[in-house]
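Laboratory data are not the source of any read-out in this text; all were calculated from the coordinates shown. Worth saying up front: this structure is predicted, and the values here are computed from it rather than measured. Every residue, glycine among them, receives a Cβ derived from its backbone with ideal geometry; neighbour counts consider all protein chains shown.
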Amino acid sequence: MNVRHATPEDAEAIAKVHVAGWRTAYRGFVPDAELDALRWQDRVADWRERTAPGSTVTVLVAEDDGGLVGFASSGPPRDEDLVAGRAWELYAIYLGPSTWRRGVGTALLRSTIEAVPTHVPALVLWVLDGNARARGFYERNGFVPDGTTVPSRLGPQYQDLRYRIEIPRSGGEA
C-alpha cells in the first residue's frame with residue numbers, strides 16, 4: 001500500500017470511495033433512500049477543486065495494486081473557537097468498505113498527522129456521537145474528545161463530538 005498526495009486526476013476515484021464510505025458508515029443513521037440516492041458523479045468537481053494546486057486542503061490517498069482504496073482530507077480548522085495556527089482539522093477520512101481493518105485508515109491518519117504544518121500543535125476532527133466504530137478508531141489512535149459538541153447535520157437526534165490529538169514534535173517545537 002502507498003499513501004501519497006492526491007492530484008485532480010484522482011477526483012473520480014476519491015468521489016467513488018467517498019460515496020461508498022458514506023453509504024456504509026451512515027447506514028442506520030441516514031435514511032436508506034438518501035444514502036442510495038448519493039451519486040459519486042456529483043462529487044467529482046468538488047474533489048478536483050480540493051486537489052488542485054494552490055488549494056488550502058491537503059488530500060492524501062491510499063492505493064494498493066487494485067487502485068485507490070481510501071482518502072483523507074485536512075486543512076485549516078473551520079471552528080471559530082480554534083485560534084488560527086493552533087489546530088488543523090481532519091475534514092474527512094473514508095475507505096472502501098472492503099479495506100476496513102487492514103491498516104489503511106491508520107496509515108492515512110498517520111500520514112495526515114505528519115502532513116500537518118510543523119507550527120501547528122494539534123489535529124481536530126468531528127465524529128457522530130453514535131458512530132462507535134469511528135470513535136473507537138480515533139480513540140485507538142490517540143484522539144480524545146475535547147468536550148465540544150454541536151448538533152449533527154444528520155438530524156436533531158444526533159450530536160457531533162470534536163476530538164483532538166496533540167502532535168508530538170521533535171526538538172521541542174510547538
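One table, with the values for the structure above:
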item	result
Set 44, 57, 30, 19: member being under 22 Å from residue 88 (Cα atoms) and either out of contact with any His (no Cβ under 7 Å at 6 or more places or on another chain) or hydroxyl-bearing (Ser, Thr, Tyr) (or both)	57
Some residue of region 89-100 being within 15 Å of the chain's Cα centre (by Cα), aliphatic (A, V, I, L, M), surrounded by fewer than 20 Cβ atoms within 10 Å (Cβ to Cβ) and not in a loop (DSSP other than H, G, I, E, B)	yes
Residue pairs meeting the criteria (Cβ under 7 Å; at least 6 apart or on separate chains; first more than 18 Å from residue 110 (Cα to Cα), in region 129-158; second small (Gly, Ala, Ser))	131/25; 158/130; 158/152
Residue check, residue 33 of a type outside the set (D, E, K, R) and surrounded by 15 or more Cβ atoms within 10 Å (Cβ to Cβ)	no
Among the residues listed as 107, 134, 115, 122, the single one being small (Gly, Ala, Ser) and in contact with a Ser or Thr (Cβ under 7 Å, 6 or more places away or on another chain)	115
Helices (runs of 4 or more DSSP H) contained entirely in region 1-52, each with at least 2 residues that are within 14 Å of the chain's Cα centre (by Cα) and aliphatic (A, V, I, L, M)	11-25
Matching residues, region 109-152, being assigned to a loop (DSSP other than H, G, I, E, B), in contact with a strand residue (DSSP E or B) (Cβ under 8 Å, 6 or more places away or on another chain) and surrounded by fewer than 16 Cβ atoms within 10 Å (Cβ to Cβ)	117, 129, 141, 142
Scan of region 36-62 for residues that are closer than 21 Å to residue 111 by Cβ, surrounded by 15 or more Cβ atoms within 10 Å (Cβ to Cβ) and hydrophobic (A, V, I, L, M, F, W, C), ordered by number	47, 57, 59, 60, 61, 62
